[in-house]
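Student: Okay, handing you the structure first.
The values are calculated or read from the model by the stated rules, or taken from the named source; none is laboratory data. Because the structure is predicted, anything quoted here is derived from the model rather than measured. Please note: Cβ atoms are built from the backbone with ideal geometry, for glycine as well, and neighbour counts cover all protein chains shown.
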Amino acid sequence: MSWFVRKEKGINTPTEMKREAPDGLWYQCPNCKKIMHTREHKLNAYTCAHCNYHDKVGSEAYFELLFDHNEFIELDPELRSGDPLRFIDTKPYPDRIRSTMLKTGLKDAVRAAHGKMNDLDIVVACMDFNFIGGSMGSVVGEKIARAIDHSLAHRQPFLMISRSGGARMMEAGLSLMQMAKTSAKLALLSEAKVPYISLLTDPTTGGVTASYAMLGDFNISEPQALIGFAGPRVIRETIGKDLPKGFQSAEFVLEHGFLDFIVDRKELKDKLTSLLTMLR
Ligand SMILES: [Zn+2]
């Protein structure tokens with residue numbers, strides 16, 4: 001039975017010779033586990049064709065989705081975080097910022113830009129969850145405040161897209177001050193009667209929910225998004241009761257009057273356009 005015996009030892013195929021599908025060609029939905037083509041997924045505004053799961057995307061995707069021909073002018077792109085508290089957890093805060101910048105190619109957890117959306121002028125600030133959990137520190141607060149200043153100066157509607165775990169603990173009290181700062185700026189926008197739309201995406205929690213995310217003339221959300229202040233476990237342990245089914249989902253929050261409507265991401269641009277046209 002000589003054919004069972006391997007005569008030549010160590011026949012290996014180098015990795016680069018192996019025929020495999022290139023990385024990133026297929027997307028597997030984390031919700032229904034079904035597979036779709038990455039390009040199809042992108043064309044579908046990063047939603048699942050099978051179960052409509054809205055994938056967690058960042059500012060790059062939203063800007064491309066909303067701005068005509070993906071043309072926009074970014075506001076304060078170079079603003080970056082200091083380390084006023086000399087904060088160290090598992091590593092010093094400046095090291096964490098630096099490594100996150102390298103990993104994500106972002107400067108902080110929000111990007112703001114102005115441009116045209118279906119020919120309407122608009123200012124959009126969009127959070128990036130990849131940057132330290134989309135946490136709100138001084139840079140996030142300052143960039144949002146300056147974006148609102150731009151809205152106010154040019155009387156262009158302001159859209160805030162939130163996706164955040166809340167305040168940034170490495171900036172402690174300075175993070176919390178951003179809630180007051182952004183809220184005060186939004187009050188000026190309201191006085192000037194410039195529209196503000198807040199889009200809450202999955203997840204929007206903590207100090208972000210407790211400030212600018214809930215202060216829109218319209219508070220809208222993507223389907224199934226988690227929206228809350230504290231997490232379900234903390235609430236359960238505090239009140240000593242089980243929470244109702246679907247608690248803190250966008251649908252639940254809508255039913256209880258905290259949202260105006262839920263919008264499918266594929267219809268976001270058109271819905272926003274009709275809304276802003278009505279408000280003009
Ligand atoms: Zn799916």
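Yes or no, residue by residue, for (1) at pLDDT below 95; (2) within 21 Å of the chain's Cα centre (by Cα):
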position: Trp26; (1), (2): yes, no
position: Lys33; (1), (2): no, no
position: Ala45; (1), (2): no, yes
position: Tyr62; (1), (2): no, yes
position: Leu75; (1), (2): no, yes
position: Pro94; (1), (2): no, no
position: Thr100; (1), (2): no, yes
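Student: Let me ask something additional. Looking at segment 27-40 only, could you name the residues that are at negative phi, within 10 Å of the ligand (Cβ to nearest atom) and out of contact with any Lys or Arg (no Cβ under 8 Å at 6 or more places or on another chain)? Please lay out each step first, then the result.
Tutor: Here is the first cut: in segment 27-40, the residues at negative phi are 27-32, 34-40.
In the following step, the residues that additionally are within 10 Å of the ligand (Cβ to nearest atom) were identified as 27-32, 34-36.
Tyr27, Cys29, Pro30, Asn31, Cys32, Lys34, Ile35, Met36 - these are the residues of segment 27-40 that are at negative phi, within 10 Å of the ligand (Cβ to nearest atom) and out of contact with any Lys or Arg (no Cβ under 8 Å at 6 or more places or on another chain).
Student: Take the residues in segment 135-157 that are part of a helix (DSSP H, G or I) and free of Cβ contacts under 8 Å to residues at least 40 places away in the same chain; name whichever of them is farthest from Leu85 (Cα to Cα).
Tutor: The selected residue is Ala153.
Student: Still on this structure: If the Cβ limit is 8 Å and pairs must be 6+ apart or interchain, which residue in segment 254-280 that is touching a residue at least 60 places away in the same chain (Cβ under 8 Å) pairs with which residue that is hydroxyl-bearing (Ser, Thr, Tyr) and not in a strand (DSSP E or B)?
Tutor: As it stands, the answer is Arg265/Tyr46, since those pairs meet every condition given.
Student: Where the second residue is part of a helix (DSSP H, G or I) and within 13 Å of the ligand (Cβ to nearest atom) and the first is touching a residue at least 12 places away in the same chain (Cβ under 8 Å) and lies in segment 37-63, which pairs have Cβ atoms under 8 Å and are six or more apart or on separate chains?
Tutor: Going by the 8 Å Cβ cut-off, the qualifying pairs are Thr47/His41; Cys48/His41; Ala49/Glu40; Ala49/His41; Asp55/His41.
Student: So which residues in segment 183-209 are more than 24 Å from His150 (Cβ to Cβ) and part of a loop (DSSP other than H, G, I, E, B)?
Tutor: Correct list: Thr205 only.
Student: Here's another thing I want to ask about it. In segment 102-122, how many are over 14 Å from the mean Cα position of the chain (by Cα), in a loop (DSSP other than H, G, I, E, B) and surrounded by 14 or more Cβ atoms within 10 Å (Cβ to Cβ)? Full working, then the answer.
Tutor: In the first step, residues of segment 102-122 are kept if they are over 14 Å from the mean Cα position of the chain (by Cα); the result is 102-103, 105, 107, 113-122.
Still in the running and in a loop (DSSP other than H, G, I, E, B): 105, 107, 118-119.
Those still in the list that are surrounded by 14 or more Cβ atoms within 10 Å (Cβ to Cβ) too: 107, 118.
Count: 2.
Student: Mind telling me which of the residues Met160, Met179 ends up being assigned to a helix (DSSP H, G or I), under 18 Å from the mean Cα position of the chain (by Cα), in the same structural domain as Ala61 (by TED's automatic domain parsing) and surrounded by 14 or more Cβ atoms within 10 Å (Cβ to Cβ)?
Tutor: Working: Met160 fails: assigned to a helix (DSSP H, G or I).
Residue meeting the stated conditions: Met179.
Student: Only one of (1) closer than 30 Å to Ser99 by Cα; (2) in contact (Cβ under 8 Å) with a residue 24 or more places away in the chain fails for Lys185. Which number is that?
Tutor: (1)
Student: If the requirement is being assigned by TED's automatic domain parsing to the domain that holds His114 and either surrounded by 13 or more Cβ atoms within 10 Å (Cβ to Cβ) or of a type outside the set (Phe, Trp, Tyr) (or both), which of these qualifies: Glu40, Glu60?
Tutor: Details: Glu40 fails: assigned by TED's automatic domain parsing to the domain that holds His114.
Going through Glu40, Glu60 in turn, the sole match is Glu60.
Student: Also, I was wondering about something else. I'd like the full set of residues that are closer than 18 Å to Leu66 by Cα and assigned to a loop (DSSP other than H, G, I, E, B), limited to segment 23-54.
Tutor: Asn44, Ala45, Tyr46
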